[in-house]
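The values are calculated or read from the model by the stated rules, or taken from the named source; none is laboratory data. These numbers were taken from a predicted model, which means no experiment stands behind them. For neighbour counting, all protein chains shown are included, and Cβ atoms are generated from backbone atoms with ideal geometry for every residue, glycine included. Areas reflect the complete protein model, heavy atoms only, side chains present, ligands, DNA and RNA absent. Shrake-Rupley method; radii C 1.70, N 1.55, O 1.52, S 1.80 Å.
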Amino acid sequence: MESTEVSSERTLRHMTRAHGGAIVILGVLALAIHVTLAHRIGAIRADARFINRAGLERMQLQRSALLAARLAHAAPAERSALRALLRRQAHIMWHLWRSLPAVREARTHAREHLTSRVRAFVTALRAAAQDTGRTAAPRLKGVVDAAHGSLAIALNRRVLAYQREADRDNTDLALFSRDQFFLMLSALTALTLFIFMPLSRLTRTEIRKMNDLVAYTRTLFEAAPDGIVVIDERGIIEAFNPAAEVLFGRAAEDMRGQSVAVLMPEPDRSRHADHLRRHLETGERRIIGQLREVMAARSDGTSFPVELSVGVIDGRRRRFVGLLRDLTARKAAERALELVRQRYQDLVTNINAGIFRAEAANPPRFAEVNPAMLALFEAPTREALLAQPLDALFVRDEDRAIFSEQWDPTSLGPGREILLRTLRGREFWAVISAVRQGEAGRIYFDGFMEDATERREAAEALAALNRDLRQRVIDLDVANKELEAFSYSVSHDLRAPLRSIDGFSQALLEDYADRVDAAGRDYLARVRAASQKMAHLIDDILQLSRVSRARLVRTPVDLSAIARDTAESLKADDPDRQVEWRIEEGLGVMADAVLMRQVMSNLLANAWKFTSKRPGALIEVGQRLTGGAREIFVRDNGAGFDMAYADRLFGVFQRLHASHDFDGTGIGLAIVQRIVRRHGGDVHADGAVGEGARFSFTIPDEEDSDASRH
Amino acid sequence: MRPATERCILLVEDNPDDEMLTRRAFAKNNITNPVVIAHDGAEALEYLFDEKTNAEGGQGLPILTLLDLKLPKVDGLTVLRQLRADPRTRLLPVVILTSSAEQQDLVEGYGLGANSYIRKPVDFIQFMEAVRQLGLYWLVLNSAPPATA
């Protein structure tokens, strides 16, 4: 476009010069021809004049002879008038002669000869006119003779000479005209060849270029994705491209001739005329050549942001070209982007973790930090932190390489804690996580850091706690081992003396029966009973401790089957008793089979025992749902108990009945409770004195409570 | 009842009271086999693996060994383990006779090849009954493996 313009300008200058040259050449040529022609024509005119004068001179000569003849024969009254005429004749003749130039072909002396003859004649004429005497007649006769004689012939010749000169000049003019024609012809040919033809060629090229330019411009105008509006100096729209039609929702044909102000929303619409006028008056280029964001109005009255750039066409008339780009989408995107940016900015500002960008200079420094970083490093201002060389902040030498150019952030293992120093000198632990970024030849580390001091302290406390716990576990293991050893020795060593007491008491009874009386035998029997009772107690205590120590292995257990087995063995021990058993089928639980057998046997043995003094005894085993939990129960209609002491039932060695009423060690229910609780369940007793008792327990399926294992 | 005097019973028992009561129970139940006493595990092993025991004219290997578990020097389970490891005593009937009713002792005892496990009851009457059944089974009903296995 630009080059086209430049070449076009050059062509125009070239054309102007060529034209100028051609005009000058033609002008000079024409002037020369004019001058030459004027000169030639002047010469021919002069020739004619001289021919006339020469003829006139000859005619005056004849008239002089006529006048002289009349004077000679005139009456005396007429003579003075004739004489005056004759004198005047002499004057005219001399004057005429004097105005005649020399003939170019004649020799000078010939002319002087003729001049002297004319002068002589004129003198003679004058003399004849003056003479009134007697010599007048001859003088007149002499004049008449002279006039008819050789002078007349000479003057004739003279006329002929002038005619010849005129012929020559005419011939010259004809030749000159011919030359002129050829000269002009060749000049025109040269001009045509060297100036006009190239010029027309150039012009054709230029016109084609201009056409291309016009097509190019039109295509640009029509295909431009941006709206293009051209207005004149008064703000009247001259052109409106298709993109502008889409942009404004208006048709180009409607817009041409309208004021551009209709495309603007208020208040721009009202001000536009002023702006335009001011621009035209002052030449102030407020908007020309700049990108501006303005509001534009659609045909439906809605306004939208556009980017406007205005150009000026300084042609014959000044026009303004406005290029408009819809910014709605860009604005929306910018707003969205700004929103996201703001969100991230808020996050970075408000997050309770240090976020930074460190530059790996020498020494490295922070380039950007968020407020949490200031708090972390106890920095009074951002500037103070940014100015701080970072290598001085690392307490340990091996950490100084961090943020240097060679530093690889991945070399920091996850969770690796770095000992740092705040600007006030306080030391703290931090976890640093960063990525390396190269930007414009510089190396940055972007990342975050968190104060790990508390976490570290917590971890240390936890470690201490763990150590303590491990120690306790060890202690507990030791205690357990001791307990086991104790149980073992109880089981072994405590029983051995009992065996001796019992055994030798019996031996005494057997071997010395004759020497021991009834009271002695009774005492020995009591010794034996007591030792056997103690053996039972020891067994029960051992069982109880085994319940606590045994491993819990849950398998599906059929309590109904266990209840039946137990009932059978109880019946077998005392076949005479009449007891009604009601055992519900399908009482399944997920529990330790060995322990559950102990539970059932304890509960059923209790029921069996406490119904022993009642006729029509009934022992029932079943289940029911209470509050979503399934409860297994063993119910009897035996002696029952006072609910006031219900909580004491499950205590070790707690008995609610005198030994002489119902024997037992008072450990059975304690074992039951311990087993049920180890399964995460609970056991509950209901009853009333004389009305029976009901023991119920739950065994949750999930092994969610094994708290009493140890 | 077949006379069984020719072979002895080895009683490994450190408690003299228990030894006496056991002997009494044997006597009361007419078990007349000679009883060899070992007061700890080491004595028991010494007896069992002594040349003289197995030599001509010696006591020979016991027809039954009653083994307590809690013993001075070498405990009963170790004695059992060594008996079962030796080809000579591998098939020797061994009954564990102990105060312990610990599950682990039971399991371990049987695991090491005990032929029976009897817990000594405190009640002497019951003890007598247990010894009677023991003698009946092991000394009368059971066919012992050859003395030199």
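Key figures for this structure:
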{"quantity": "Per residue value of the accessible surface for segment A:2-187 (all protein chains in place, 1.4 Å probe), Å²", "calculated": "61"}
{"quantity": "Residues of segment B:112-144 buried by at least 20 Å² on assembly (accessible area, 1.4 Å probe, chain alone as reference)", "calculated": "B:R119, B:K120, B:V122, B:D123, B:F124, B:I125"}
{"quantity": "Length released on extending from A:R648 to A:R256, taking residue separation times 0.36 nm less the Cα-Cα span", "calculated": "130.3 nm"}
{"quantity": "Spin-label pair A:H14/A:A629, simplified geometry with 7 Å Cα→Cβ offset, distance in nm", "calculated": "11.2"}
{"quantity": "Exposure ranking of A:D314, A:D565, A:D399 by accessible area [1.4 Å probe, largest first]", "calculated": "A:D314, A:D565, A:D399"}
{"quantity": "Unit charges on C-beta of K, R, D, E only; dipole of segment A:116-168, Debye", "calculated": "100"}
{"quantity": "Cα-derived Rg to Rh of chain A, Kirkwood definition", "calculated": "1.69"}
{"quantity": "Signed unit charges on C-beta, dipole axis of chain A, positive-most listed residue A:P615, A:P265, A:S404", "calculated": "A:P265"}
{"quantity": "Segment B:9-138 - percent of accessible surface contributed by carbon and sulfur, probe 1.4 Å", "calculated": "52"}
{"quantity": "From phi via Karplus (6.51, -1.76, 1.60), per-residue ³J(HN,Hα) for segment A:347-353 in Hz, x at Gly/Pro", "calculated": "4, 5, 6, 8, 5, 8, 9"}
{"quantity": "Size of charge dipole - the protein assembly as shown - debye, nearest 20, with Cβ of Lys, Arg +1 and Asp, Glu -1, no other charges", "calculated": "14160"}
{"quantity": "Rounded FRET efficiency, nearest 0.05, which uses the C-beta distance separating B:L141 from B:R84 and R0 of 22 Å", "calculated": "0.45"}
{"quantity": "Accessible area buried between chains A and B, both sides summed, probe 1.4 Å, in Å² to nearest 100", "calculated": "2200"}
{"quantity": "Accessible surface of segment A:548-658, 1.4 Å probe, proportion on carbon and sulfur as whole %", "calculated": "52"}
{"quantity": "Crossing angle, helix A:150-191 versus chain A [Cα axis fit, 0-90 degrees, rounded to tens]", "calculated": "10"}
{"quantity": "B:R7 paired with A:E245, simple spin-label distance in nm, labels 7 Å along Cα-to-beta-carbon", "calculated": "12.6"}
{"quantity": "Taking chain A and dividing mean pair separation by its residue count, relative contact order in percent (alpha carbons under 8 Å, at least six apart)", "calculated": "6"}
{"quantity": "Unit charges at the beta carbon, dipole of segment A:367-511: most positive-side option, A:A384, A:V369, A:Q471", "calculated": "A:A384"}
{"quantity": "Positive minus negative residues near A:H14 (Lys, Arg vs Asp, Glu; Cβ under 13 Å)", "calculated": "+2"}
{"quantity": "Probe 1.4 Å - accessible area at A:K613, Å² to nearest ten", "calculated": "130"}
{"quantity": "Accessible area (Å², 1.4 Å probe, nearest 10) - A:V118", "calculated": "0"}
{"quantity": "Segment A:327-434: GluC sites (Glu not before Pro) in DSSP coil with no more than 16 other Cβ atoms inside 10 Å", "calculated": "A:E378, A:E405"}
{"quantity": "Theoretical FRET efficiency, 1/(1+(r/R0)^6), r = Cβ-Cβ of A:A30 and A:R168, R0 25 Å, to 0.05", "calculated": "0.40"}
{"quantity": "Estimated inter-spin distance, A:R119 and A:K571, nm [label 7 Å along Cα→Cβ]", "calculated": "20.8"}
{"quantity": "Rounded tilt (10° steps) of A:559-573 against the dominant C-alpha axis of chain A", "calculated": "10"}
{"quantity": "Heavy atoms of A:Y216 accessible to a 1.4 Å probe, total area in Å² rounded to 10", "calculated": "120"}
{"quantity": "Chain-alone versus full-assembly comparison, segment A:497-520, residues with accessible loss of at least 50 Å² (1.4 Å probe)", "calculated": "A:R499, A:F504, A:E510"}
{"quantity": "Accessible-area order (highest first, 1.4 angstrom probe) of the listed residues B:I96, A:I92", "calculated": "A:I92, B:I96"}
{"quantity": "Charged-residue dipole, Cβ positions (Lys, Arg, Asp, Glu), segment A:551-697 about Cα centre, Debye nearest 20", "calculated": "440"}
{"quantity": "Expected 222 nm ellipticity per residue - DSSP helices of 4 or more, -39500 (n - 2.57), all of chain A, to 500", "calculated": "-19000 deg cm²/dmol"}
{"quantity": "Listed residues A:R554, A:R564, A:R13, A:R134 arranged by accessible area, highest first, probe 1.4 Å", "calculated": "A:R134, A:R13, A:R564, A:R554"}
{"quantity": "Between 0 and 90°, nearest 10: helix A:593-610 axis offset from chain A longest Cα axis", "calculated": "40"}
{"quantity": "Mean Cα-pair separation over length for segment A:551-697, i.e. relative contact order, pairs under 8 Å, 6 or more apart, %", "calculated": "23"}
{"quantity": "Evaluated at q = 0.10 Å⁻¹: base-10 log I(q)/I(0), Debye formula over Cα of segment A:452-549", "calculated": "-0.52"}
{"quantity": "Sites A:I351 and A:I474 - FRET efficiency at Förster radius 45 Å, r taken between beta-carbons, to 0.05", "calculated": "0.55"}
{"quantity": "Mean separation of Cα contacts under 8 Å (6+ apart) over length of segment A:351-444, as relative contact order %", "calculated": "26"}
{"quantity": "Per residue Cα convex hull volume in Å³ - calculated over segment A:2-187", "calculated": "136"}
